[in-house]
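The values are calculated or read from the model by the stated rules, or taken from the named source; none is laboratory data. The structure displayed is predicted, hence computed values, not measured ones. Glycine also receives a Cβ, built like all others from the backbone with ideal geometry; neighbour counts cover every protein chain displayed. The area values use the complete protein model at the heavy-atom level, side chains included, leaving out ligands, DNA and RNA. Shrake-Rupley method; radii C 1.70, N 1.55, O 1.52, S 1.80 Å.
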Amino acid sequence: MANPETAAIAINVLNKVIRYAIGLGVGASVLQTSLYNVDGGERAIIFDRFRGVLTEPVGEGTHFRIPWVQQPNVMDIRTRPRSISSVTGTKDLQMVNMSLRILSKPDEPRLPHIFKTLGTDWEERVLPSIGNEVVKAVVAQYNAEQLITQRERVSRAVRESLTARAADFGIVLDDVAITHLSFGTEFTRAVEAKQVAEQDAERAKFVVMKAEQERNAAVIKAEGESEAAKLISDATKQFGFGLIELRKIEAAKDVAETMSKSRNVVYLPNSGNMLMQVNPNQ
């Protein structure tokens, strides 16, 4: 049977171990709740139950906080892309669909103000509304044709206006670019009709030029024939009709040479004798 004193000592030691274990567990739990981590590219905004939102963001690393009293809210400060589409009207009342790609991030010194006024989802609250507002205001200053021919100028105007507008909310825009630009069906049909009209105009211009060239050629030919007729007339008056007889002989020679090469031409004797060299009286 065990000694009562030994049993009492063992129970006492066990009780101490339990108390120490409980103390260590409570201490570890308190230590764990007192520490928090901030990763790279992030900042923590501390909300204090007695002082409200603290004015200094907390940088990367492991930090202490007062449990229950202080609550860290981690915010991402890295640049992130976002696309915004807007359908609006131009100066000449044409509908246009424009898409923007925006690279944005919060202004680090103004993070506490952004957290208090907009929260951690500041991007969803601000960018779509100011993006549509700026696109509508800028596009309304240009005609549909200018949006195509002056695209760089339009993009710069959108970028400058949107950057200034976002700065009012503590948002920094690294880049704003127009990624898509399309027009309504009516404007597209009008552009196609204009292209067809321009092609028809060019074709008509070519026809007119061709007719002009043909007219000039006919005039030159007529002048040449008139000059030739005058020369022949002068030669006839001076030397008689010998030149005309010579031209007739040359023309007959050309006709005979041409007909001699044809297989469909049959030569008949002038006497009417179809038997050639055979005497019909024999």
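So the values come out like this:
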| item | result |
| --- | --- |
| Among (1) out of contact with any strand residue (DSSP E or B) (no Cβ under 9 Å at 6 or more places or on another chain); (2) surrounded by 10 or more Cβ atoms within 10 Å (Cβ to Cβ), the one test that Glu152 misses | (2) |
| Number of the exception - Thr120 against (1) open to solvent by 50 Å² or more (accessible area, probe 1.4 Å); (2) within 30 Å of Asp48 (Cα to Cα); (3) without any contact (Cβ under 8 Å) to a residue 40 or more places away in the chain | (3) |
| Segment 47-83, residues that are in contact with a Phe, Trp or Tyr (Cβ under 6 Å, 6 or more places away or on another chain) and either touching a residue at least 60 places away in the same chain (Cβ under 8 Å) or under 30 Å from His180 (Cβ atoms) (or both) | Val53 |
| Extreme residue, modelled with the lowest pLDDT, among residues of segment 54-79 that are in a loop (DSSP other than H, G, I, E, B) and within 10 Å of Leu35 (Cα to Cα) | Pro67 |
| Among (1) under 33 Å from the mean Cα position of the chain (by Cα); (2) over 21 Å from Leu162 (Cα atoms) - the single one Ala44 does not satisfy | (1) |
| Boolean, Arg82 is out of contact with any helix residue (DSSP H, G or I) (no Cβ under 7 Å at 6 or more places or on another chain) and open to solvent by 20 Å² or more (accessible area, probe 1.4 Å) | no |
| Filtered residue count, segment 140-149, keeping only those that are in contact with a strand residue (DSSP E or B) (Cβ under 8 Å, 6 or more places away or on another chain) and modelled with pLDDT under 90 | 3 |
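Quick grid of which residues meet (1) touching a strand residue (DSSP E or B) at 6+ places or on another chain (Cβ under 8 Å); (2) surrounded by fewer than 14 Cβ atoms within 10 Å (Cβ to Cβ); (3) part of a helix (DSSP H, G or I):
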position: Asp92; (1), (2), (3): no, yes, no
position: Ser99; (1), (2), (3): yes, no, no
position: Pro112; (1), (2), (3): yes, no, yes
position: Lys116; (1), (2), (3): yes, yes, yes
position: Pro128; (1), (2), (3): yes, no, yes
position: Gly131; (1), (2), (3): yes, no, yes
position: Val134; (1), (2), (3): no, no, yes
position: Val138; (1), (2), (3): no, no, yes
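Conditions tested, residue by residue: (1) modelled with pLDDT of 70 or more; (2) open to solvent by 60 Å² or more (accessible area, probe 1.4 Å).
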position	(1), (2)
Asp175	yes, no
Phe183	yes, no
Lys205	yes, yes
Ala211	yes, no
Ser226	yes, yes
Asp234	yes, yes
Gly240	no, no
Val266	no, yes
Asn281	no, yes
